[in-house]
1. Search the structure for amide H atoms under 5 Å from the amide H of Gln85, placed 1.01 Å from N in the peptide plane, and list their residues when 5 or more places away or on another chain.
2. Let me make sure I get this right: for the range 95-215, a, b and c are the square roots of the gyration tensor eigenvalues over alpha carbons, sorted descending. Under 1.5 in a/c it's rounded, otherwise prolate if a/b > b/c, else oblate. Which is it?
3. Each residue of the range 228-237 in turn: what ³J(HN,Hα) in whole Hz from Karplus with 6.51, -1.76, 1.60 and θ = phi - 60°, glycine and Pro shown as x?
4. Can you tell me the orientation of helix 203-223 relative to the chain, as the angle in degrees between its alpha-carbon axis and the longest Cα principal axis, to the nearest 10?
5. What residue among Met252, Met244, Met193 has the largest mean-square fluctuation in a Gaussian network model of the chain, using Cα springs under 10 Å?
6. Please go through the range 128-231 and write out the GluC sites (Glu not before Pro) that DSSP classes as loop and that have at most 16 other C-beta atoms within 10 Å.
7. Taking Cα atoms, how many degrees apart are the long axis of helix 256-272 and the longest axis of the chain, rounded to 10 and kept between 0 and 90?
8. For the chain, give the share of DSSP beta bridges that are antiparallel, in percent and rounded to the nearest 5; count only bridges with both residues there.
Amino acid sequence: MARAQAQPNIALVKYWGKRDSALNLPASGSLSITLDSLWTRTCVVFDPTLTRDELLLDGAEHPAALARVSGCLDLLRERAGSTVQARVDTHNNFPTGAGLASSASGFAALVLAGSAALGLTLDQRALSVLARRGSGSAARSIFGGFVGMAAGTRADGEDAFATPLLDAAQWPLCVVVAVTSTRAKAVGSGAGMELSRRTSPFHAAWLAGADADLASARHALQHRDFAELAAASEHSCLKMHAVMLASRPALMYWNGATVECVHAIRALRERDGVPVFFTIDAGPQVKAVCLPTAAPRIAAVLGTVPGVEQVLTSALGAGARLLPDAEVD
Ligand code: 2P0
């Protein structure tokens, strides 16, 4: 038995499209920030009396996600030479499946707890590869701070893993999340990516621009250039949503409040000089990335936007870690 915690990460240069669906290999690299105050905590118990894996999410059975979880546990069992089934008890302190990266923190915590429970000692790179098999973005939540994810070129995917770029303390940015709906999304990321790959006329252009976006974001990190990071991030975000919108049928993850939040953030920056930019994932939430001193003002402004249900603020945090027994809930 072992317990682990991982936090969601927010991509600034986005991943949207796979080069191999079976091995869950991204078609382009990405760059993200790991959060601090949102978390998944997961306990994995391998129990010889079980006839199949069991999954509890926030205290309730979650059959829809069991196959994906079992698939990830199978990879761990294969490495450990075990056939024992597991009970997975996992908790999120934020809404699941609503564009807040619960699969990233969820699969990062699962592979860390599962590997420890089986007595495997895996380095972070191996954990990142395994987490990627569960969810592409989970590879990044193994690490804290600013994280780069490589697309890799190998057919076996062993070079598609994340690496840490900067610790949270080296550039302590803050994220203010405007939650505009806590309903689970209608089209999951994996299905959405495949739809875009097959049908969006912008998909090829999206992939062709990824390396330039990554280079710009990495340059911004090196020089702690907030304006350059803002420009690269918003460009990557809006291009990804353009790819989604041009898919058939169209993927539209935004609602009205999403758009109003974007306008509010742009006004804060362009009219008032507040150091902030927005990013949006496969869901209607808006994430405002800012310097810490600006966070209270941004939270207050986003809280007044009609349709915003909740505002969460998080610093950047550490990577996935094992928890002592007492720390689970
Ligand atoms: C990202 N997203 O880079 C992008 C931006 C959503 C929008 O990675 O199919 O749940 O499990 O690899 O990791 C969400 O996708 O997808 C995601 P799979 P995942 O953060």
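The values are calculated or read from the model by the stated rules, or taken from the named source; none is laboratory data. As the structure is a computational prediction, the values presented were derived from the model and not from experiment. Heads up, the Cβs are rebuilt from the backbone with ideal geometry, glycines too, and the neighbour counts pull from every protein chain shown. Keep in mind that these areas ignore ligands, DNA and RNA; they rest on the heavy atoms of the full protein, side chains included. Shrake-Rupley method; radii C 1.70, N 1.55, O 1.52, S 1.80 Å.
1. Here Asp47, Leu50 satisfy the definition.
2. Note, shape of the range 95-215 comes out rounded.
3. 5, 5, 4, 5, 5, 5, 5, 5, 4, 4
4. Tilt of helix 203-223: around 80 degrees.
5. Greatest mean-square fluctuation among the candidates belongs to Met252.
6. Working: sites: Glu158, Glu194, Glu228; in loops: Glu158.
In loop regions of the range 128-231 (DSSP not H, G, I, E or B), the sparsely surrounded GluC sites (Glu not before Pro) are Glu158.
7. Around 50 degrees separate the two axes.
8. On the way: 47 of 51 bridges.
The answer is about 90 percent antiparallel.
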